[in-house]
Amino acid sequence: SEKKFDDSASLTAELPATTKCGTRITFYANIDFKEELDTIKTSGAEGVGLFRSENLFTDGTNTPRESLQLAYYREMAETINPMPLDIRLFDIGGDKLIYSPIREPNPNLGWRGIRILIDLPDILEAQIRAITKANTHGNIGILVPMIVSLDEIRRVRAVIDETFIELEKEDPLIEKPEIGAMIEVPAAVELIEEITRSVDFISIGTNDLTQYTLAVDRNNVIVQDLFDTFHPAIIRQLHRIIGTAQKNRCRAMICGDMGSNALALPFLLGCGLTRFSVVVSDIPNLKSQVSRYTLEESAELARQCLKLETTAEVKACLEAFQSSH
């Protein structure tokens, strides 16, 4: 059933989030299923920044039919129109054990994300066709997972371009989806200059970025204490990613757990980030936190943090800033 959002949603949630100095900050929702769209209007989310489409693999092995995908994406896009809906291409493999014909010794460093989709072009092409057909309101973006090279972006863009040319003849109302890259591997950080000139938007996956940068399996309890997004290497990467995207007029967003962390919020604002995609239930609290900080003092905080040498120093600096506000 297609539902349009009405104006009766709670006023508090609907209030736009602004910093103390009046800069507009946007919060989107990370979701797994279309049923979660109902919670968007009450949470104050302004769209979906991450839809994890691999959840359409209901039995874990069979690829969802194109017709099923089309109906699903179309209903989502209709429901939240004119708000944006960013659909991440199937991020299968790694800790999402779907579709692997072999047992991999280290799946997180193996066949996952865009690597699988390039090797199985029928799956990639069917998903892009379904997304493009569903994009009659022009509010859908395609997010490409696990990017490590510009070749991968070019391959996906070529499929999007070819698909759009073909489908536009049948339905002149469809619009070409925007393309975005997940920044979650150190290689993508090294290529951030070129990537942000090649895509419409980027989304920073801090969970995988931390795992791959620190060589720490985020699901391994033995090294759990070493997994920390406040590590100086991570915050320096974030500063570089956000600053480069801004310079190249490429929209940047964070969609990992760090985006929900109130301690990280002023640092991220200070780096210039204005878009966050988070768990729906965290949005009201984050919106209220934003109003405590000005961009000027947040930028000064970021400058201080970037000079620090240990995770403990970074956290202490952020905690002191937070408690003084």
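With a point put 7 Å past each Cα toward its Cβ, work out how far F57 is from T39 in nm, to one decimal.
Modelled inter-label distance: 2.3 nm.
Report the gain in length on full extension from N220 to K315: 0.36 nm times residue separation, minus Cα-Cα distance, nm rounded to one decimal.
Once the chain is fully extended between N220 and K315, it gains 31.9 nm.
Roughly how large, in nm² to one decimal, is the mean projection of the convex hull of the alpha-carbon atoms in region 127-242?
Value for region 127-242: 8.0 nm².
Listed highest first by mean packing, meaning other Cβ atoms within 10 Å per residue, what order do 30-36, 239-245 come in?
239-245, 30-36
Taking the Cβ of E168 as the centre, find all other residues whose Cβ is under 10 Å away and add up their charges (Lys, Arg: +1; Asp, Glu: -1).
Taking every Cβ under 10 Å from that of E168, the sum is -2.
What length, rounded to one decimal in nm, is gained on full extension from S281 through to E175, with 0.36 nm per residue of separation minus their alpha-carbon distance?
This chain segment gains 35.0 nm when fully extended.
Along region 71-78, what does the Karplus equation 6.51 cos²θ - 1.76 cosθ + 1.60 (θ = phi - 60°) give for ³J(HN,Hα), rounded to whole Hz, x for Gly and Pro?
Each residue of region 71-78 in turn: 4, 5, 5, 5, 4, 5, 5, 5 Hz.
Please compute the length gained on full extension between L15 and I118, using 0.36 nm multiplied by the number of residues separating them and subtracting their Cα-Cα distance.
So the chain would gain 32.9 nm between L15 and I118.
Relative to 2.2 N^0.38 Å, what does the C-alpha radius of gyration of region 261-325 come to as a ratio? Two decimals please.
Ratio of Cα Rg to 2.2 N^0.38 Å: 1.09.
Bin width 20 Å, alpha-carbon pairs only: give the P(r) of region 11-323 as whole percents, running from 0 to the bin holding the largest distance.
Result, from short to long distances: 33, 59, 8 percent.
Largest first and in whole Å, what are the equivalent-ellipsoid semi-axes of region 183-278 based on the Cα gyration tensor, each being the root of 5 times an eigenvalue?
22, 15, 10
Assuming R0 = 35 Å, can you tell me the calculated FRET efficiency for the pair F227 and R157, based on Cβ-Cβ distance, to the nearest 0.05?
For R0 = 35 Å, the calculated efficiency reads 0.60.
Among the listed pairs K20/K307; K41/K315; K133/K169, give every one whose C-alpha distance is greater than 22 Å.
Violating the 22 Å Cα-Cα cut-off are K20/K307; K41/K315.
Under 5 Å between amide H atoms, partner at least 5 residues away or on a different chain: which partners does I147 have, H built in plane at 1.01 Å?
Amide H neighbours of I147: M182, E184.
Okay, helix-only estimate at 222 nm for the chain: each DSSP H run of n ≥ 4 adds -39500 (n - 2.57), divide by all residues, round to 500 deg cm²/dmol; what do you get?
One gets -13000 deg cm²/dmol as the mean residue ellipticity at 222 nm.
Taking the Cα-to-Cβ direction at E194 and at A71 and moving 7 Å from each Cα, how far apart do the two end points lie in nm?
Output for this residue pair reads 4.3 nm.
Quick one: what do you get for region 130-176 if you divide its Cα Rg by 2.2 N^0.38 Å?
Compactness ratio reported: 1.22.
None of the figures in this text is laboratory data; all of them are computed from the coordinates on show. What you see is a predicted model; the values in this text were computed from it and never measured. Cβ: placed from backbone, ideal geometry, glycine included. Neighbour counts: every protein chain shown.
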